[in-house]
Amino acid sequence: MNPIRLLILISAVLNAASAADKLTGFPFQNETLHYNVNWPSGLSLGEATVTASHAGTVWNFGLALSVGIPGFPIADKYRSSSSGDLCSTELQRDLSHGAKKVLEKTTFDQTKGTAERQTLTPTGGGKSDLSFHGCGRDALAFWFFARRELGQGRVAPQETVFFGSGYSARLDYTGAMTIPVAEKPTVTDHLVARVKGPASDFTFEVFYARDPARTPLLIKIPVSVGTISLELVR
């Protein structure tokens, strides 16, 4: 090979490797994101940590939520595992809402299009069967799938996601929106999530960074007393 062509090839490979090294966060690398959970007044209500890690083609996701509501503390842990295409294999929910404790596991069979939900509480438990078409996803897997789609210039299509029961989840992209991040104006991609389940119907807003990982910077959840916000603190 011509020496000059060889040098050009080596330079191209090194530059490509350098560019890849700069791709941080999901789906390029393992990720841990920390959020402050704030009251509508801005006072801290608690914190949330979202994680993503992979081993081979398997992705594992997690969400830990700690909210200090007086007289009703919340300490929830959610763990999800999925295949490389982010079809779920298992979802575990460990719920602690005041005096109420619930352990729950949903196991997905993607070949059969079924999921078995097992629930355990201090007073008993039970099992139920769920069904789905195509790729079955729990709420955590769908959350990361939506980010991956957005990073490729697409909005995830409406589908049924599982979080205990099945919920219809739809994302609407409303365009660019500038919000303060670390006291600096930051242009984000603004999406509205619309979720409807057997006994619930609600919406919330997500503001994504325009980085390759489409990092969620701010989440706004309307409640009866106003809007609770989850703000990324890294």
Flag if residue 225 is touching a residue at least 24 places away in the same chain (Cβ under 8 Å) and either among the acidic types (Asp, Glu) or in contact with a strand residue (DSSP E or B) (Cβ under 7 Å, 6 or more places away or on another chain) (or both):
no
Hey, any hits in the range 192-207 for a residue that's assigned to a loop (DSSP other than H, G, I, E, B) and either of a type in the set (Val, Ile, Thr) or in contact with a Gly (Cβ under 6 Å, 6 or more places away or on another chain) (or both)?
no
From the list 113, 197, 124, exactly one residue is surrounded by fewer than 14 Cβ atoms within 10 Å (Cβ to Cβ) and farther than 24 Å from residue 53 by Cβ. Which is it?
124
Neighbours by Cβ (under 6 Å, 6+ apart or cross-chain): first from the range 162-187, closer than 17 Å to residue 146 by Cβ; second surrounded by fewer than 16 Cβ atoms within 10 Å (Cβ to Cβ) and not basic (Lys, Arg)
170/158; 171/155; 172/192; 173/155
For the condition assigned to a strand (DSSP E or B), modelled with pLDDT of 95 or more, within 15 Å of the chain's Cα centre (by Cα) and of a type outside the set (Lys, Arg), what is the one hit in 173, 78?
78
Among the residues of the range 55-67, write down those that are over 16 Å from residue 137 (Cβ atoms) and not polar (S, T, N, Q).
55, 56, 64, 65, 67
Can you name the condition, by its number, that residue 78 falls short on among (1) farther than 18 Å from residue 165 by Cα; (2) surrounded by 18 or more Cβ atoms within 10 Å (Cβ to Cβ); (3) touching a residue at least 60 places away in the same chain (Cβ under 8 Å)?
(1)
Condition (residue is loosely packed, with under 11 Cβ neighbours inside 10 Å and touching an Asp or Glu at 6+ places or on another chain (Cβ under 9 Å)) applied to the range 134-154: is it met by at least one residue?
yes
When the range 82-110 is checked residue by residue, the ones that are of a type in the set (Asp, Glu) and part of a strand (DSSP E or B) are 90, 94, 104, 109
So which of 83, 88 ends up being of a type in the set (S, T, N, Q), in contact with an Asp or Glu (Cβ under 7 Å, 6 or more places away or on another chain) and within 23 Å of residue 58 (Cβ to Cβ)?
88
Apart from one, (1) surrounded by 15 or more Cβ atoms within 10 Å (Cβ to Cβ); (2) assigned to a strand (DSSP E or B) all hold for residue 222; the odd one out is (1)
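The values are calculated or read from the model by the stated rules, or taken from the named source; none is laboratory data. Because the structure is predicted, anything quoted here is derived from the model rather than measured. We place every Cβ from the backbone using ideal geometry, glycine too, and count neighbours over all the protein chains shown.
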